[in-house]
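The values are calculated or read from the model by the stated rules, or taken from the named source; none is laboratory data. Note that the structure is a prediction, hence the values are computed from the model and not measured. Glycine also receives a Cβ, built like all others from the backbone with ideal geometry; neighbour counts cover every protein chain displayed. Surface accessibility is based on the protein's heavy atoms, side chains included, excluding ligands, DNA and RNA. Shrake-Rupley method; radii C 1.70, N 1.55, O 1.52, S 1.80 Å.
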Amino acid sequence: MTTPVRIAVAGAGLIGKRHIEEVDAASDAELASIVDPLPAAQEVADRFGVTLYGSLAELFQKDRPDGVILATPNQLHVDGGLECVAAGVPVIVEKPIGDTVEGATKLVEAAEAAGVPLLTGHHRNYSPIIAKAREIVQSGILGQIVAVVGTALFHKPDDYYDVGGGWRREPGGGPILLNLIHEVNNLQSIVGDVVRVQATTSNTTRGFPVEDTAAMVFTFANGALGTFLLSDTAASARSWEQTSRENTSYPTYPDEDCYHIAGVSGSLSVPTMRLKVFPGTRSWWEPFETSTVELERSDPLANQVTHFAAVIRGAAEPICSGRDGLGTLRVVDAVMESARTGQPVDLTH
């Protein structure tokens with residue numbers, strides 16, 4: 001039997017605790033330690049029976065792990081990632097890979113130059129739902145893709161903004177960088193590259209310096225157009241978290257979808273996987289053949305840990321590399337720029 005790889009988790013916040021649980025539960029990995037400067041993290045370390053370090057520098061000096069999952073606040077991702085690369089330790093950097101394109105580019109180039117595996121924590125890359133949707137689109141059954149509709153509408157509780165000194169109220173801590181980045185990654189994975197964006201944002205509801213709501217228009221490289229509506233203050237279930245059933249911490253609504261992908265021959269709703277296809281003549285007078293695509297479900301976060309362990313051993317190449325994460329960040333950065341200027345932004349890939 002292969003010896004489990006030792007993985008340290010940096011950041012014991014909301015997502016960090018999920019990573020800690022998954023590493024602890026994995027058969028091919030073990031939790032080596034936790035890195036977090038906040039005293040509250042000691043309770044988490046005690047619960048899992050591991051050592052707590054106050055910094056990555058202390059970790060690498062005292063107990064170098066085989067890999068690190070970096071789940072710190074966005075503003076610390078690039079510096080933490082660079083510390084891991086300098087130490088020669090493979091790392092998953094939670095999304096976004098950086099809070100600026102410039103910083104993320106520096107990290108990606110440093111990792112590539114050093115030959116240190118750098119992954120971006122877009123865990124939905126390991127979702128069987130996304131894999132099946134991508135497979136359906138690529139099969140051609142929908143025909144040429146013409147339209148994509150996406151939503152990420154949910155209501156975060158007020159105390160969500162109080163953690164870590166309130167960094168989520170400030171620019172860079174809002175739903176565009178924390179949530180939209182997942183959605184862009186999903187849509188590019190299923191439909192292809194986004195090459196043009198236009199966006200409008202609002203902070204009217206919460207009144208924080210950072211946005212709470214955004215509306216976007218995407219142009220894809222294949223010519224398809226997409227709309228996306230995002231809000232963290234909407235009483236709605238039309239979000240991945242509340243429809244995918246992949247995180248049981250959230251209530252789920254099996255009648256709701258968050259994506260709809262339409263081609264000239266058929267359409268797919270995700271994650272219900274309801275498929276409608278014209279059997280012959282394509283016309284609104286003609287009835288569709290309707291079906292629901294079956295899925296074999298598994299936990300993407302657990303799958304990500306398994307994959308990371310394989311990457312650490314040299315048995316696999318990253319499914320979502322640092323450069324993939326950078327591509328997603330560039331689209332999100334363009335959304336921010338478009339919202340700021342009121343102008344569409346073109347992306348070159």
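Okay, residues lined up against (1) within 21 Å of GLU94 (Cα to Cα); (2) within 20 Å of the chain's Cα centre (by Cα); (3) open to solvent by less than 30 Å² (accessible area, probe 1.4 Å):
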| site | (1), (2), (3) |
| --- | --- |
| ASP162 | yes, no, no |
| TRP167 | yes, yes, no |
| HIS182 | yes, yes, yes |
| ASN185 | yes, yes, yes |
| MET216 | no, yes, yes |
| ALA221 | no, no, no |
| VAL264 | no, no, no |
| PHE278 | no, no, no |
Looking at the stretch 27-50, can you tell me whether even one residue there is open to solvent by 10 Å² or more (accessible area, probe 1.4 Å), assigned to a loop (DSSP other than H, G, I, E, B) and under 23 Å from SER298 (Cα atoms)?
yes
If we ask which residues in the stretch 321-349 are polar (S, T, N, Q), in a helix (DSSP H, G or I) and farther than 17 Å from GLY81 by Cβ, their number turns out to be 2
Across the stretch 239-260, the tally of residues that are surrounded by fewer than 19 Cβ atoms within 10 Å (Cβ to Cβ) and either within 21 Å of VAL331 (Cβ to Cβ) or of a type in the set (Phe, Trp, Tyr) (or both) stands at 4
Listed by first then second residue, the pairs whose first member lies in the stretch 268-288 and is in contact (Cβ under 8 Å) with a residue 12 or more places away in the chain, whose partner is polar (S, T, N, Q) and part of a loop (DSSP other than H, G, I, E, B), with beta carbons under 7 Å and at least 6 positions apart or on separate chains, are PRO271/SER244; VAL277/SER265; PHE278/SER265; ARG282/SER265
Picking from PRO318, PRO279, the residue that is within 18 Å of TYR126 (Cα to Cα), in a loop (DSSP other than H, G, I, E, B) and of a type outside the set (Asp, Glu) would be PRO318
Flagged in the stretch 234-257 as touching a residue at least 24 places away in the same chain (Cβ under 8 Å) and touching a strand residue (DSSP E or B) at 6+ places or on another chain (Cβ under 6 Å), in numbering order, are ALA234, ALA235, SER236, ARG238, SER239
For the stretch 193-208, pairs from a residue that is in a strand (DSSP E or B) to a residue that is of a type in the set (D, E, K, R), with Cβ under 8 Å and 6 or more apart or across chains, are VAL195/ASP346; ARG196/ASP346; THR201/GLU211; SER202/GLU211; SER202/ASP212
